[in-house]
1. Applying a 10 Å radius around every beta-carbon, put 130-138, 85-93 in order of their mean neighbour count, most first.
2. Long-range amide H contacts for F15: which residues qualify at under 5 Å (H placed 1.01 Å from N, peptide plane, sequence gap of 5 or more or a different chain)?
3. Can you tell which of G8, L28, P38 lies farthest toward the positive end of the dipole of the range 1-87, using +1 and -1 charges on the Cβ of basic and acidic side chains (Lys, Arg; Asp, Glu)?
4. Distance between Cα centroids, the range 31-81 to the range 102-141: provide it in whole Å.
5. Using a simple charge model, +1 on the beta-carbon of Lys and Arg, -1 on the beta-carbon of Asp and Glu, nothing else, what dipole does the chain show about its Cα centre, in debye to the nearest 20?
6. Counting only protein heavy atoms and using a 1.4 Å probe, what share of the accessible area of the range 1-64 belongs to carbon plus sulfur, as a whole percent?
7. How much net charge surrounds L95 when only other residues with a Cβ under 13 Å from its Cβ are counted (Lys, Arg +1; Asp, Glu -1)?
8. Expressed as an acute angle from 0 to 90° and rounded to the nearest 10, what is the orientation of the C-alpha long axis of helix 127-140 relative to the principal long axis of the chain?
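The values are calculated or read from the model by the stated rules, or taken from the named source; none is laboratory data. Just so it is clear, the model here is predicted, and its values are computed rather than measured. Glycine gets a Cβ as well: all are built from the backbone with ideal geometry, and neighbour counts include every protein chain shown. Remember, those area values only see protein heavy atoms, side chains included, never the ligands or the DNA or RNA. Shrake-Rupley method; radii C 1.70, N 1.55, O 1.52, S 1.80 Å.
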Amino acid sequence: RGRGVWPGLTATPLFREHPVVVANPRLLAEHGGVAALPRLAARTRAADWPLVGAALGLPDTAPVLTFETRALAVQAAIAGIGATVVDRHLVADLLATGMLAEVAPDPPLDRAESHYFVALPEALRDRHVRAFRDWLVAEVG
């Protein structure tokens with residue numbers, strides 16, 4: 001994840017980040033929206049709530065719980081503890097199955113960072129590495 005410039009490496013873009021707020025659909029309905037829900041955050045992504053919250057017109061309040069990773073924050077959101085911010089691509093399957101509901105800024109936020117497949121140029125000479133890269137590109141496409 002980054003801006004795609006890593007000296008000595010070949011970076012293949014997979015997808016750009018589009019952060020959204022996600023929560024358990026039942027919790028979201030019971031509280032009448034995301035503004036009343038406890039905020040869950042990931043330690044590694046401290047700027048996510050201020051960015052998305054501002055785009056949604058939410059007051060700038062601190063998260064109630066901060067988890068080590070976004071994956072843990074998402075699991076807490078599924079469990080109905082609160083709402084968290086995550087890239088839509090990373091939870092698309094959970095949104096599709098109804099385990100999570102999203103509240104997305106309109107227009108969508110488009111962060112400068114993207115997710116990449118990154119490899120040493122010599123590693124890409126290996127057909128297995130290329131096949132894996134190509135599979136990833138096809139999966140996120």
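1. 85-93, 130-138
2. Amide H to amide H, under 5 Å and 5 or more residues apart or across chains, F15 pairs with H115.
3. G8
4. First find each Cα centre; the distance between them is then 25 Å.
5. The calculation lands at about 300 debye.
6. After summing per-atom areas, the C and S share lands at 59 percent.
7. -2
8. That helix lies at roughly 30 degrees to the long axis.
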